Every structure is written in structure tokens, then in C-alpha cells.
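Okay, structure first, notes after.
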Amino acid sequence: MLTLDRRSLIGGAVFTPAALAMPTISLSAQATPPLAILSSERLARLAKARALMQREGLGAILIEPGASLDYFTGVRWSRSERLTAALIPAVGEPIIVTPFFEKPSVAESLDIPAEIRTWDEHDEPLKLVADRLRELHLTRLPLGIEETNRFFIVDRLQAQLPRLKLRNANAVVRGCRMIKSPAEIALMQNASDITIATIRETYSKLREGMTPDDISTLLEAGMVARGGSSPWALVLLGEASAYPHGSGKPQAVKRGEVVLIDTGCAFRGYQSDISRSFVFGADPTVEQRRVWEQVAQGQKIAMQAARIGATAGSVDDTVRAAYTRWGYGPDYKLPGLSHRTGHGIGMEGHEPVNLVRGETTRLAPGMCFSNEPGIYLPGKFGIRLEDCFHMTAAGPRYFSTPPVSIDDPV
């Protein structure tokens with residue numbers, strides 16, 4: 001059985017658990033982290049990935065275009081039937097495989113030392129991956145496959161290397177991406193600041209009769225004007241707010257009805273996600289006010305439960321237990337909380353892991369989540385307040401400050 005020398009994997013240094021920690025500069029030591037991901041940080045990510053590969057017994061990992069490819073290499077690319085991918089080995093430099101005519105474009109964003117190997121239209125691109133594994137004598141070790149890779153890639157790679165063992169690369173990819181650095185936190189903070197400022201501006205412009213599309217247009221334009229990219233908005237009006245992802249029925253802003261705004265954008269590749277719920281043009285009813293205050297309390301309960309070392313699932317358990325005591329549910333039943341308490345967030349709006357029942361991953365500094373324990377009353381209305389937070393050594397810290405009252409909702 002081929003084994004990898006511990007020293008060869010991490011620059012001649014003996015592997016220790018400390019090698020799994022991402023080298024970063026503390027926020028206190030760096031008042032203003034750079035609003036971009038530097039090459040030095042990507043090199044630290046690769047070092048951590050290699051240490052994790054050693055721990056998991058993997059020879060390399062294979063990654064398609066998407067957030068993970070950008071995370072490790074800087075290459076921002078779209079998936080198509082023409083393969084572009086990165087092979088990151090535990091020993092030796094990565095390679096980028098891409099069509100010959102795409103090489104100049106791929107090279108523009110490549111931010112790490114890596115050879116770009118090209119293929120022509122009649123070639124098999126997975127042969128380039130197989131050749132690199134042979135060069136590095138890694139064909140007898142399992143290859144980690146990033147979880148979103150498409151089936152045709154592994155199918156055609158195994159045609160090149162029938163005896164190659166394939167394994168899920170989550171332990172490496174998630175092991176790196178789940179823990180955000182100060183630079184990543186700063187980018188997410190910017191995205192959040194852009195989003196909350198735009199929500200406030202849009203709130204002041206709401207008028208009776210406006211449609212979800214009207215409001216979404218204001219939100220998206222406002223985020224772009226403030227420097228955000230890829231803006232999105234989900235606007236639910238009246239009864240539609242009772243259904244977490246809305247309804248296709250015609251909707252318009254009406255006095256006395258709930259407006260639920262769920263929106264966000266990207267800032268240099270990092271995401272925001274914020275929700276606000278309020279009553280338009282009239283004092284809330286007793287029921288609207290009670291449910292809003294219960295959701296606000298649900299957010300507080302979640303933050304109290306989000307402690308270093310606690311499981312991600314325990315946060316959801318604690319919120320759901322309180323809601324059951326208040327007469328909702330039980331579990332995911334309605335009226336009540338029909339979805340998880342929160343999701344991971346970073347380069348993607350939804351990424352592992354989630355604040356959901358049964359998730360045993362333990363909370364650690366640098367993890368980022370949404371906090372959105374909505375309550376939904378079918379046929380009536382729903383309330384969702386959503387603010388994202390990141391874990392610090394002292395506990396959770398919000399990117400955006402939750403509202404304190406339905407009377408001052410933004």
C-alpha cells in the first residue's frame with residue numbers, strides 16, 4: 001500500500017493537529033482587513049487542504065467550477081459540458097484543466113501557482129487528470145471528489161483509471177470553507193451593510209398597491225448602487241408571507257397586512273441574507289404583534305444556544321422546544337416553524353452546515369450562519385426575521401443588528 005511521507009505533505013514540517021488551523025491575522029491586530037482575498041490567504045488554504053488530505057488518507061481532490069474552485073484557486077468560471085476543473089494534490093502543485101481556447105480567460109483570475117493544462121475539442125479532458133495523478137504516483141490513494149461535481153466527471157475518470165478509489169472530499173473542502181478568516185468576515189460584513197442600508201431605504205419608499213416585483217426592483221437596484229453584486233430579493237405580501245418561499249398568486253401592498261422582505265447580495269464573492277417583516281400603514285393587530293415578538297425572542301434563544309462546542313443541531317432543538325411550549329408545532333408542523341433555524345453562509349448563500357435537528361458538527365470560531373426561526377400561520381400571515389452571525393471565541397456576533405420592535409422594523 002502506497003503511503004505519503006508526513007514531512008513531504010506540508011513543506012517538510014512534521015504534521016500536527018495545529019497544521020489544520022488556517023493561518024490568519026486576528027481582527028484586533030488588523031483594524032481593517034483587506035477587502036479582497038489575497039494570494040497569501042489562498043496559499044494558506046492550500047496548506048490546510050493538504051494537511052486535511054493527509055489526515056483523511058487522500059492523494060488529491062478534484063473540484064469543478066463554483067465557489068470551491070474560486071475559494072482555492074481564484075478561478076471564477078461557469079460549468080458547461082466542456083470541463084474546466086482543478087486537481088489539488090497532497091504533494092506537488094495543482095493543475096487546472098480547461099479547453100485550449102479558454103486558457104487565456106481562465107488564467108486571468110488564477111491566483112495560485114498552478115499549471116494550466118489544455119485539451120482540444122476531440123480530446124478526453126479526464127485523461128489530463130489521470131496523467132497528473134500518475135506523474136505524482138497518487139493513483140493508489142483515494143481521490144476526493146467535491147460533493148457538487150457532476151457524475152460524468154467521475155464516470156469518465158474511472159474509465160481512465162479503473163482501479164482508482166473515489167471518496168467524498170467534504171472532510172477537506174468543508175474543513176477549510178466552514179471556518180472563515182478575518183478577510184472573509186470583513187467581506188461578509190460589507191455585503192450585510194449594503195443589504196441593510198438598502199432595506200431601510202426601500203422601506204421608506206413603500207406605497208400601497210406596490211407589487212413584489214416593484215419592491216424587488218428597488219432592493220436590487222439599491223444594492224448594486226451601493227457596490228453589491230448578484231442581488232436577489234424575495235418579497236411576500238399578506239397571506240403569501242405564511243409560506244416561506246411565497247405564492248404565485250397576485251399580491252399587492254395593503255394597509256394592515258404583513259410585508260416580508262428576504263434579500264441579499266454578494267460583495268467580492270461573499271454573501272448576505274437578511275429578512276424583515278412588518279405591517280404596512282397601520283398599527284399591527286394583537287396577533288401580528290404577538291407573533292413578531294415571539295420570532296424576535298426565537299432569534300435571541302438561538303443566539304444564547306449558539307456557543308462554542310455546542311452542536312449545530314442543538315441550536316435548532318432549543319428554539320423548537322420554546323416554540324412548542326408556546327403552542328406551535330410540534331416539530332415542523334404548522335402553525336409554527338416549518339424549516340430549519342438557520343443555514344451556513346459564506347461564498348454561497350446556503351452552504352454547510354445548517355442549524356438543523358441532528359447536525360452534530362460542533363460550533364467553532366469562524367463559522368457563519370443565518371438566524372431565522374420564522375413562525376408561519378397558513379391562511380393568515382407569517383413573520384420571519386433573519387440576521388446572519390459569525391462565531392467568535394467569545395460566542396456569536398451578528399453581522400446585522402435585529403430590530404427591536406415591529407413598530408421600528410428596520
If you take the residues of region 233-264 that are closer than 30 Å to Lys180 by Cβ and in contact with a Phe, Trp or Tyr (Cβ under 7 Å, 6 or more places away or on another chain), which of them is modelled with the lowest pLDDT? Pro244
Every pair of residues 6+ apart whose Cβ atoms lie under 9 Å, when the first sits in region 234-254 and is farther than 23 Å from Asp273 by Cβ while the second is of a type in the set (Val, Ile, Thr) and surrounded by fewer than 17 Cβ atoms within 10 Å (Cβ to Cβ): Pro250/Thr211; Ala252/Thr211
Residue by residue through region 144-166, note down the ones that are over 11 Å from Leu62 (Cβ atoms), part of a helix (DSSP H, G or I) and not acidic (Asp, Glu). Phe151, Phe152, Arg156, Gln158, Ala159, Gln160
Members of region 83-113 found to be assigned to a loop (DSSP other than H, G, I, E, B), over 24 Å from Leu187 (Cβ atoms) and touching a residue at least 24 places away in the same chain (Cβ under 8 Å), listed by number: Leu83, Ala90, Val91, Gly92
Residue that is of a type in the set (Gly, Ala, Ser) and without any contact (Cβ under 8 Å) to a residue 60 or more places away in the chain, where the choices are Gly374, Gly358: Gly358
Among residues of region 144-166, those that are over 21 Å from Ser80 (Cβ atoms) and either in contact with a Gly (Cβ under 6 Å, 6 or more places away or on another chain) or small (Gly, Ala, Ser) (or both), counted: 1
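Within region 42-83, take every residue that is of a type in the set (D, E, K, R) and closer than 19 Å to Glu102 by Cβ and give me the one that is surrounded by the fewest Cβ atoms within 10 Å (Cβ to Cβ).
Going through region 42-83, the residues of a type in the set (D, E, K, R) turn out to be 42, 45, 48, 50, 55-56, 64, 70, 76, 79, 81-82.
Among the residues that remain, those that are also closer than 19 Å to Glu102 by Cβ are: 64, 70, 76, 79, 81-82.
Details: Glu64: 18, Asp70: 19, Arg76: 16, Arg79: 15, Glu81: 6, Arg82: 12.
Per the stated criteria, the residue is Glu81.
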Pairs returned, first residue in region 385-410 that is under 16 Å from Asp262 (Cα atoms) and in contact (Cβ under 8 Å) with a residue 24 or more places away in the chain, second residue that is basic (Lys, Arg) and surrounded by 20 or more Cβ atoms within 10 Å (Cβ to Cβ), beta-carbon separation under 7 angstrom, 6 or more apart or interchain, are Leu385/Arg276; Pro403/Arg276; Pro409/Arg276; Val410/Arg276
Exception for Leu4 within (1) surrounded by 18 or more Cβ atoms within 10 Å (Cβ to Cβ); (2) at pLDDT 95 or above; (3) in a loop (DSSP other than H, G, I, E, B) falls at (2)
When you scan region 107-119, do you find a residue that is under 16 Å from Arg167 (Cα atoms) and modelled with pLDDT of 95 or more, even just one? no
Of the residues Ser109, Ser192, Ser204, which is assigned by TED's automatic domain parsing to the domain that holds Ile37 and either within 30 Å of Ile274 (Cβ to Cβ) or of a type in the set (Gly, Ala, Ser) (or both)? Ser109
Assuming Gly346 fulfils every condition listed in (1) outside any strand (DSSP E or B); (2) surrounded by fewer than 19 Cβ atoms within 10 Å (Cβ to Cβ); (3) of a type outside the set (Lys, Arg) apart from one, which condition is it? (2)
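Suppose we filter Pro284, Pro250, Pro231 for residues that are within 18 Å of Val295 (Cα to Cα) and not acidic (Asp, Glu); which single one remains? Working first, answer last.
Values: Pro250 fails: within 18 Å of Val295 (Cα to Cα); Pro231 fails: within 18 Å of Val295 (Cα to Cα).
Exactly one residue qualifies, and that residue is Pro284.
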Only one of Leu126, Leu69 is within 25 Å of the chain's Cα centre (by Cα) and either assigned to a helix (DSSP H, G or I) or touching a residue at least 40 places away in the same chain (Cβ under 8 Å) (or both), namely Leu69
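Mind checking which residues of region 306-337 are of a type in the set (Gly, Ala, Ser) and either within 21 Å of the chain's Cα centre (by Cα) or surrounded by 23 or more Cβ atoms within 10 Å (Cβ to Cβ) (or both)?
Taking region 306-337 first, the residues of a type in the set (Gly, Ala, Ser) are 306, 309-310, 312-314, 321-322, 327, 329, 336.
Answer for region 306-337, where residues must be of a type in the set (Gly, Ala, Ser) and either within 21 Å of the chain's Cα centre (by Cα) or surrounded by 23 or more Cβ atoms within 10 Å (Cβ to Cβ) (or both): Ala306, Gly309, Ala310, Ala312, Gly313, Ser314.
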Contact list, first residue from region 163-181 and farther than 23 Å from Thr392 by Cβ, second anywhere and basic (Lys, Arg) and surrounded by fewer than 17 Cβ atoms within 10 Å (Cβ to Cβ), beta-carbon distance below 9 Å, six or more apart or interchain, is Arg163/Arg140; Leu164/Arg140; Lys165/Arg140; Ala171/Arg55; Val172/Arg55
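The values are calculated or read from the model by the stated rules, or taken from the named source; none is laboratory data. Worth saying up front: this structure is predicted, and the values here are computed from it rather than measured. We place every Cβ from the backbone using ideal geometry, glycine too, and count neighbours over all the protein chains shown.
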